[in-house]
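All remarks here apply to the structure that follows.
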Amino acid sequence: MKLVIIAGSGAVGKMTVGQELMKRTGLRLFHNHMMIEPVLEIFGRFEGKVIDGLREVVFENFAKSDLPGMIFTYMWAFDQKSDWDYITHVADIFERQGAEVYWVELVADQAVRLQRNRTENRLAHKASKRNLAFSEENLLRCDEIARLVSNEGEIPFENYIRIDNTHLPPEEVAAMICERFGL
């Protein structure tokens, strides 16, 4: 079992790279909005505890399955201890079952991310992003209130790669991840 965690700022390309990585590896993609969107639809607002609880059920059951592995995407605020605690907890669920965990951080210029925020693929998979004015405002606000890019040397994990994908297509990024980790 393998767990590939893809972290990065809003619209950096986590889901799109994850889709390409899934094609190449057969690992299943669990992008962040697969839980966010249904909760938004049901509650009419963001309910973090509900989203986390649903994810927990998926992680626990998946980690015990006979599937080869999962790709999980997450917008990680590196300046918030709660995000560190959460993402290491997710990794621990898989590690307790003997899984190998790989950490991928994607970074890209804000101007490029604002363009990516409008892509057909993103809007098809993330209904909450279809209100472009709100989505762009949220992307900019998140960039202001949280540090969504790690500091040099901050990530302590052995199986870690940071990729600036500002000018790279998702297929090339997925190939880089596969090569780095032998996936």
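Here are the numbers:
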{"read-out": "Residue that is farthest from I161 (Cα to Cα), among those in segment 15-60 that are among the β-branched types (V, I, T) and without any contact (Cβ under 8 Å) to a residue 60 or more places away in the chain", "value": "I42"}
{"read-out": "Long-range neighbours under 6 Å by Cβ, at least six apart or interchain, first residue farther than 16 Å from V107 by Cβ within segment 156-171, second surrounded by 16 or more Cβ atoms within 10 Å (Cβ to Cβ) and of a type in the set (D, E, K, R)", "value": "E171/E20"}
{"read-out": "Test set (1) loosely packed, with under 14 Cβ neighbours inside 10 Å; (2) closer than 19 Å to Q19 by Cα; (3) at pLDDT 95 or above - N151 fails condition number", "value": "(2)"}
{"read-out": "Within segment 1-82, helices (runs of 4 or more DSSP H) holding 1 or more residues that are among the small types (G, A, S) and over 11 Å from the mean Cα position of the chain (by Cα)", "value": "48-63"}
{"read-out": "Residue check, R28 over 23 Å from L139 (Cβ atoms), among the basic types (K, R) and either at pLDDT 95 or above or surrounded by 19 or more Cβ atoms within 10 Å (Cβ to Cβ) (or both)", "value": "yes"}
{"read-out": "Flag if Y86 is in a helix (DSSP H, G or I), aromatic (F, W, Y) and closer than 25 Å to R147 by Cβ", "value": "yes"}
{"read-out": "Per-region count, segment 138-155, residues of a type in the set (A, V, I, L, M, F, W, C), in contact (Cβ under 8 Å) with a residue 40 or more places away in the chain and farther than 30 Å from M1 by Cβ", "value": "3"}
{"read-out": "Qualifying position, being in a helix (DSSP H, G or I), at pLDDT 80 or above and either within 26 Å of L27 (Cα to Cα) or in contact with a Lys or Arg (Cβ under 7 Å, 6 or more places away or on another chain) (or both), among R122, R113", "value": "R113"}
{"read-out": "Matching option when the condition is of a type outside the set (G, A, S), under 19 Å from N159 (Cα atoms), crowded, with 20+ Cβ neighbours inside 10 Å and in contact (Cβ under 8 Å) with a residue 12 or more places away in the chain, among V101, V12", "value": "V101"}
{"read-out": "Subset of segment 158-183 [in a loop (DSSP other than H, G, I, E, B) and either at pLDDT 95 or above or surrounded by 15 or more Cβ atoms within 10 Å (Cβ to Cβ) (or both)]", "value": "N159, N165, T166, H167, L168, P169, G182, L183"}
{"read-out": "Verdict on E136 being of a type in the set (D, E, K, R) and either within 15 Å of the chain's Cα centre (by Cα) or surrounded by 13 or more Cβ atoms within 10 Å (Cβ to Cβ) (or both)", "value": "yes"}
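The values are calculated or read from the model by the stated rules, or taken from the named source; none is laboratory data. Here the structure is a predicted model, which means the values were calculated and not measured. When we count neighbours, we look across all protein chains shown, and the Cβ atoms used for this are built from the backbone with ideal geometry, even at glycine.
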